[in-house]
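One structure below.
Please treat every number below as a calculation from the coordinates, not as lab data. Worth saying up front: this structure is predicted, and the values here are computed from it rather than measured. Cβ atoms come from the backbone with ideal geometry, glycine included; neighbour counts cover every protein chain shown.
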Amino acid sequence: MARRLALGLAAAGLLGAASDAGAQSPLVDELRHVALRYHEDPSQLFRIRDGLEAAIKSDAHIDNLNALAWVCYIIGDLPDSTRAAKLAAYDRGRQVAKRVIEREPRDVGGHFWYAVNTARWGQTNGILGSLFLLPTVKKEIQTVLDLDPSFTPVYNLAGHVSYEVPSLLGGDLDRAESLFRNGLEQDPKDTAIRLGLAKTLIRKNRIVEARRELQTIVDEQAPRNLADWVLKDSKEARALLESIKARS
């Protein structure tokens with residue numbers, strides 16, 4: 001469902017509006033940088049997570065909570081994370097994001113991170129573990145879209161939900177394509193969204209178009225999130241190009 005979100009120049013928007021209570025931890029700004037280059041040293045993510053956990057004990061500033069939910073998502077999505085580690089990270093992320101929503105019901109970041117971590121927790125837990133969470137994820141996606149339709153990362157999340165959910169449960173490839181294209185209109189450098197579009201086109205048997213999108217990912221010189229491009233997007237794009245090589 002929710003897979004590999006744009007965390008680049010729009011990153012500041014993923015951390016909710018400033019609160020009058022308490023102060024933002026310096027780790028929040030550090031995360032904005034590390035989230036784009038964590039492939040260089042993933043241990044920084046765990047240090048930041050632990051620091052934010054300590055910070056929210058004495059100062060549950062909205063930005064501190066959103067940053068903790070964000071770093072939990074990234075840790076859960078690390079390629080070498082075990083299933084148990086993924087479940088623990090996503091679950092912690094959604095718990096923290098829920099606190100944001102309870103305090104600030106119109107905070108876009110809180111709703112987004114709650115949706116993302118909930119979706120990934122359910123997906124990791126298996127199909128039966130994810131279906132009962134689908135209404136919650138869809139509700140949170142719609143809330144984000146209603147609050148801020150210019151919030152680019154939500155189109156990646158929404159697109160993957162429409163792409164991966166069976167049609168009997170509301171999945172829709174046409175809607176997935178539209179959502180991914182909307183996201184790319186806002187940020188053409190987001191290789192995760194472009195990868196979602198390419199996979200949707202493959203499933204719709206539009207191979208020539210899919211190949212073009214995949215090659216664009218591989219050739220991208222300035223991806224929105226370098227870490228995601230290095231560890232995930234470019235690798236998957238190359239594998240998909242190889243897999244469709246013989247198809248017209």
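General remarks:
- Per the Kirkwood formula applied to alpha carbons, the chain shows a radius of gyration over Rh ratio, Rg over Rh, of 0.96.
- Each principal axis of the Cα atoms in segment 126-236 has its own extent, and those three values, largest first, are 39, 31, 24 angstrom.
- Folded to 0 to 90 degrees: helix 83-103 orientation relative to the chain principal axis, Cα: 60
- Among Tyr73, Tyr163, sorting on how many other beta-carbon atoms sit within 10 Å of each Cβ, with the fewest leading, yields Tyr163, Tyr73.
- Listed from fewest to most Cβ neighbours within 10 Å, the set Ser167, Ser25, Ser162 follows the order Ser167, Ser25, Ser162.
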